[in-house]
1. Which members of the range 75-102 meet the condition of being closer than 30 Å to residue 65 by Cβ, open to solvent by 30 Å² or more (accessible area, probe 1.4 Å) and free of Cβ contacts under 8 Å to residues at least 40 places away in the same chain?
2. Test residue 6 against the stated conditions and say whether it is among the hydrophobic types (A, V, I, L, M, F, W, C), in a strand (DSSP E or B) and touching a residue at least 24 places away in the same chain (Cβ under 8 Å).
3. Just for the range 17-58: of the residues that are small (Gly, Ala, Ser) and under 18 Å from residue 121 (Cβ atoms), which one is most open to solvent (accessible area, probe 1.4 Å)?
4. Here's a check for you: in the range 61-74, which residue that is open to solvent by less than 30 Å² (accessible area, probe 1.4 Å) and more than 17 Å from residue 135 (Cβ to Cβ) is modelled with the lowest pLDDT?
5. When the residues of the range 163-200 are filtered to those that are among the aromatic types (Phe, Trp, Tyr) and surrounded by 14 or more Cβ atoms within 10 Å (Cβ to Cβ), which remaining residue is farthest from residue 93 (Cα to Cα)?
Amino acid sequence: YYVAAVDCTGHGVPGALLSFIGYFLLNNIVNAGRDLDVAKVLDELHAAVRTNLRQDKDGANGRDGMDLALCRIDTATRELQFAGAHRPLYFVRNGVLTEYKGTRKGIGGIPLAKKTENDFELNTIEYQVGDRLFIFSDGLPDQLGGDDKRKYQAKRIREALEKEEQVSMQGLSRHFMQDFYQWMGDEKQVDDVLLIGIEL
């Protein structure tokens, strides 16, 4: 099983078009029948987005792209693979949260001049039944709110996931729906918000 939380640049029609491009390219790479780990999938997606948006041509200045967290779950071997483009994985076992940071690089865009671009990093985890994984877009931690109009922050997400160890996944869903919108209050929503949680 492949699971991805993807956040494209732009809003409205440009954002929707980029979402379609990313969706079809990612599916084509995964469904090609090759046994690629998720880091190699992101490497290929990065190259394909740059080619399709002509960001690989001389003089190109497009910055469009996407951040994403990608997981592959092998239920036969109980292996979880993770690779991220600016996005982390929160992995929770027995109430203890481990953060796997994504690579500091997005999908698409023009690389910085005179700087070597690294490949995406692969994380492999042998999971146990009952382990939980969470991936999300930056719209969740970046939302302004609260009494001081500060960001919701990744720390608040981590603390809730560790504190609510005995809460069901449905309960966690209700918690974040309530807590996030209470925090936001009358503030305008700053970005798209996506949180995916899976109990293995």
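The values are calculated or read from the model by the stated rules, or taken from the named source; none is laboratory data. It should be emphasised that the depicted structure is a prediction, and the values quoted were computed from it without experimental measurement. In this analysis, Cβ positions are derived from the backbone assuming ideal geometry, glycine residues included, and neighbour counts consider all displayed protein chains. To get the accessible areas, we keep the full protein, side chains included, count just its heavy atoms, and leave off ligands, DNA and RNA. Shrake-Rupley method; radii C 1.70, N 1.55, O 1.52, S 1.80 Å.
1. 98, 100, 101
2. yes
3. At the first step, the residues of the range 17-58 found to be small (Gly, Ala, Ser) are 19, 22, 32-33, 39, 47-48.
Still in the list and also under 18 Å from residue 121 (Cβ atoms): 39, 47.
Values: 39: 6, 47: 53 Å².
Across the range 17-58, the extreme among qualifying residues is 47.
4. In the first step, residues of the range 61-74 are kept if they are open to solvent by less than 30 Å² (accessible area, probe 1.4 Å); the result is 62, 65-66, 68-71, 73.
In the following step, the residues that additionally are more than 17 Å from residue 135 (Cβ to Cβ) were identified as 62, 65.
Values: 62: 69, 65: 89.
Within the range 61-74, the match that is modelled with the lowest pLDDT is 62.
5. Step one: of the range 163-200, the residues among the aromatic types (Phe, Trp, Tyr) are 176, 180-181, 183.
Retained after the next criterion (residues that are surrounded by 14 or more Cβ atoms within 10 Å (Cβ to Cβ)): 176, 180, 183.
Details: 176: 19, 180: 24, 183: 27 Å.
So, considering only residues that are among the aromatic types (Phe, Trp, Tyr) and surrounded by 14 or more Cβ atoms within 10 Å (Cβ to Cβ), the one farthest from residue 93 (Cα to Cα) is 183.
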